[in-house]
Amino acid sequence: MIFATANKHKLREIRELLSEVEIEPLPDGVELPAEEGDSFAQIALEKARAAHVASGVAAIGDDSGIEAMALGGRPGIHSARYGGPGASDEQNLAKLLREVAAAGENRAAAYHCALALIEADGSEYVFEARCEGQLTREPRGEGGFGYDPAFIPDETGADDRRTMSELSQAEKNEISHRGRAARLLAAHLSAREATSQSR
């Protein structure tokens, strides 16, 4: 399958999460559509469709982001470019933390991921998942990417104040939005394979 992303961090994660599937990077020269949809699912589908049309094989598209409750769910689908065109992860994160601090004491946030699968025959599926948590006031940790250095997942427990960037990759995969969505996708693939073998 082709994974429709130019983000090498996402490619590495999805290969770990879907280790039973041969995941190929986006072929050179394939242009992904501008992220202009109005939902994570729509944008993920458009990416997967572009990769499927260009390659003729099954493709996976991802769109994910972070939603700050104090900001009414922003940056949401605009997470990758929140700091402006060409903004780095650090610039996006700095803007988010400034705006959340200015908005008051509510630091609740959630990561959201949509994984779209376009089968070789053109059938389309979307798998979505979330990871709830809190935003720190300052970034911490060396791992992860994007907003991970300022996101403390609720699922590690109230006494565990590590950010996503301070978790091991295995710990992150277990609870992350992308990990959960990938397991839904993997379950679909397993069920499809079981059905085809029983015929």
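The values are calculated or read from the model by the stated rules, or taken from the named source; none is laboratory data. For clarity, every value in this text was computed on a predicted model and none was experimentally measured. Cβ coordinates were reconstructed from backbone atoms using ideal geometry, including for glycine residues, and neighbour counts include every protein chain displayed.
One table, with the values for the structure above:
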| read-out | value |
| --- | --- |
| Residue 57, sole failed condition from (1) crowded, with 18+ Cβ neighbours inside 10 Å; (2) not in a helix (DSSP H, G or I) | (1) |
| Residues of segment 87-115 that turn out to be touching a Leu at 6+ places or on another chain (Cβ under 9 Å) and part of a strand (DSSP E or B), as a count | 4 |
| Selection count where residues are assigned to a loop (DSSP other than H, G, I, E, B) and either of a type in the set (Ser, Thr, Tyr) or touching a residue at least 12 places away in the same chain (Cβ under 8 Å) (or both), scope segment 116-132 | 4 |
| Which listed residue, of 31, 67, is charged (D, E, K, R) and modelled with pLDDT of 95 or more | 67 |
| Any hit, segment 60-76, residues being polar (S, T, N, Q) and surrounded by fewer than 17 Cβ atoms within 10 Å (Cβ to Cβ) | no |
| Filtered residues of segment 39-54 (kept if β-branched (Val, Ile, Thr) and either within 15 Å of residue 178 (Cα to Cα) or crowded, with 17+ Cβ neighbours inside 10 Å (or both)) | 43 |
| Odd one out for residue 192 among (1) of a type in the set (Lys, Arg); (2) within 30 Å of residue 56 (Cα to Cα); (3) assigned to a loop (DSSP other than H, G, I, E, B) | (3) |
| Qualifying residues in segment 134-180 (those that are within 12 Å of the chain's Cα centre (by Cα) and surrounded by fewer than 18 Cβ atoms within 10 Å (Cβ to Cβ)) - the one farthest from residue 113 (Cα to Cα) | 145 |
| Residues of segment 2-49 that turn out to be of a type in the set (Lys, Arg) and under 21 Å from residue 125 (Cβ atoms), as a count | 4 |
| Segment 1-38, residues that are over 17 Å from residue 55 (Cα atoms), surrounded by fewer than 13 Cβ atoms within 10 Å (Cβ to Cβ) and hydrophobic (A, V, I, L, M, F, W, C) | 34 |
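A quick yes/no check of all residues on (1) outside any strand (DSSP E or B); (2) aromatic (Phe, Trp, Tyr); (3) within 14 Å of residue 95 (Cα to Cα):
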{"position": "29", "(1), (2), (3)": "yes, no, no"}
{"position": "34", "(1), (2), (3)": "yes, no, no"}
{"position": "52", "(1), (2), (3)": "yes, no, no"}
{"position": "62", "(1), (2), (3)": "no, no, no"}
{"position": "70", "(1), (2), (3)": "yes, no, yes"}
{"position": "79", "(1), (2), (3)": "yes, no, yes"}
{"position": "85", "(1), (2), (3)": "yes, no, yes"}
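Residues are listed down the side, and each one gets a yes or a no for (1) closer than 27 Å to residue 18 by Cβ; (2) basic (Lys, Arg):
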| residue | (1), (2) |
| --- | --- |
| 94 | no, no |
| 98 | no, yes |
| 159 | no, no |
| 172 | yes, yes |
| 178 | yes, yes |
| 186 | yes, no |
| 193 | yes, no |
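For (1) touching an Asp or Glu at 6+ places or on another chain (Cβ under 9 Å); (2) under 11 Å from residue 111 (Cα atoms); (3) part of a loop (DSSP other than H, G, I, E, B); (4) not hydroxyl-bearing (Ser, Thr, Tyr), each residue gets a yes or a no:
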| residue | (1), (2), (3), (4) |
| --- | --- |
| 134 | yes, yes, no, yes |
| 139 | yes, no, yes, yes |
| 143 | yes, no, yes, yes |
| 149 | yes, no, no, yes |
| 152 | yes, yes, no, yes |
| 155 | yes, no, no, yes |
| 160 | no, no, yes, yes |
| 165 | yes, no, no, no |
| 173 | yes, no, no, yes |
